[in-house]
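Below: the structure, in structure tokens.
Just so it is clear, none of the values below were taken in a lab; they were calculated from the coordinates. All values reported here derive from a predicted model rather than from experimental measurement. Using ideal geometry, Cβ is built from the backbone for each residue, glycine included, and neighbour counts are taken over all protein chains shown.
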Ligand SMILES: C=C(O[C@@H]1C=C(C(=O)O)C=C[C@H]1O)C(=O)O
């Protein structure tokens, strides 16, 4: 089942992190990304309305992993890379110093998971903006710092929207996907399982190359409470935090239970009310919360699991949300926590193995890295992993595959689930439009 890393063993690297001068404090992180060079991103907006997170470009090292051991092999690869590296970190904040971006396949097979160490990372947290470079020697690292600071001083050209955007059917036709939903609900009603999440894909083609920076900028602007992510061609804005580990504080934002938004305030409020009152959505939500709480209990003490969910409002949909927190007991790095938590019932189902089997049988498509953990981990083991949702996979420079899934429980209806999947796809569809 296991696949060895296909990457060549990376030579020992020199990593340098320096504080960037004040003139960079107001530059949006995403505006610093140069054209091309496979941008990596993990950007959100904090409570003061400031963007924070990490953006990166270039590739200093890369590992690819498959099979059931994809997480543990990635963890070993990263630990070895860090142990061999010569790191000087003048910032000492989560995400500074050596940092890797990772994106994992949803299922053990097929699909490949990837860990990327960018050549250049710009990070921002707690009002500090920093630069990290990875080079072959201390001398080269000094050059890279000077060159990058000079290049960043010139504002980059605003990225353009793709032209000629066209949509076509994904793996299953809409009627076939709806039949799969009906069949899954029948199995739930037969007692085979309690919950399963079925997803569908939509193919986007364009007339020219897609600039990921355009999509990321649009997503970050419209979805400030989400995390605008990009790792190795998978990009989106996820509202769901699988796990954040900063020191010994562990948090998770669980979502399940969805309602559309309305532009009319009164109508929007009644839709929210209906979601908060829906027994079906609460049941669907509780499966997801339970799966997270159980997995975290193996690593954390003092777990705080609120008894009732709150409402999380996004531009396209509103969700039932529960913020779970705990105190890390075993020093597990963020990547290991993500491995323990994946897949939660928010994207797979309950019981997990039965839901996996139903997804493999009925969904008919390869999820790839959609619905898998995506995020970053540093040398201390701090990190953030979201669930790769509201996203698309760049398959060619003019081709993108979008994904959206819906949690099904007893009482779920194929028409309502199709509408929900369409509402979820709006995030990426909007991002493809001109600013
Ligand atoms: C599976 C997706 O979203 C998940 C499913 C939800 C639901 O069924 O209500 C809500 C949030 C996410 O946990 C998706 O966006 O593709």
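Listing for the model above:
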read-out: Projected-area average for segment 8-147 over all orientations - Cα convex hull basis, square nanometres; value: 9.1 nm²
read-out: Nitroxide proxy distance, nm - points 7 Å out along Cα→Cβ at residue 410 and residue 251; value: 3.6 nm
read-out: Computed [θ] at 222 nm, deg cm²/dmol, the chain (DSSP H ≥ 4; -39,500 (n - 2.57); rounded to nearest 500); value: -9500 deg cm²/dmol
read-out: Order of 112, 31 under a 10 Å beta carbon neighbour criterion, fewest first; value: 31, 112
read-out: Whole-angstrom gap from segment 37-102 to segment 314-365, using each part's C-alpha centre; value: 21 Å
read-out: Centre separation in Å (Cα based) which lies between segment 133-160 and segment 381-432; value: 34 Å
read-out: Debye log10 I(q)/I(0) for the chain, one point scatterer per Cα, at q = 0.09, 0.12, 0.13 Å⁻¹; value: -0.54, -0.98, -1.16
read-out: Where the Cα pairs of segment 271-384 fall when distances are cut into 10 Å bins, in %; value: 12, 36, 37, 14, 1
read-out: Residue with peak Gaussian network fluctuation, the chain [Cα springs, cutoff 10 Å], from 396, 102, 371; value: 396
read-out: For segment 210-265 versus segment 174-196, the gap between their alpha-carbon centres in whole angstrom; value: 28 Å
read-out: Cα-based helix-to-principal-axis angle, 279-297 vs the chain, degrees rounded to 10; value: 40 degrees
read-out: Residue 396-residue 429 FRET efficiency (beta carbon distance; Förster radius 22 Å; 0.05 resolution); value: 0.70
read-out: Taking 203, 292 and counting other C-beta atoms within 10 Å, the order from fewest to most; value: 203, 292
read-out: Separation in nanometres of the label points that stand 7 Å from Cα toward Cβ, at residue 192 and residue 279; value: 2.5 nm
read-out: Largest-first ellipsoid semi-axes for segment 140-283, taking √(5λ) over the Cα gyration tensor eigenvalues, angstrom; value: 38, 23, 19
read-out: Tail weight of P(r) past 12 Å, computed on alpha-carbon pairs of segment 279-324, percent; value: 64 percent
read-out: Which of 167, 370 has the fewest Cβ neighbours within 10 Å, and the rest in rising order; value: 167, 370
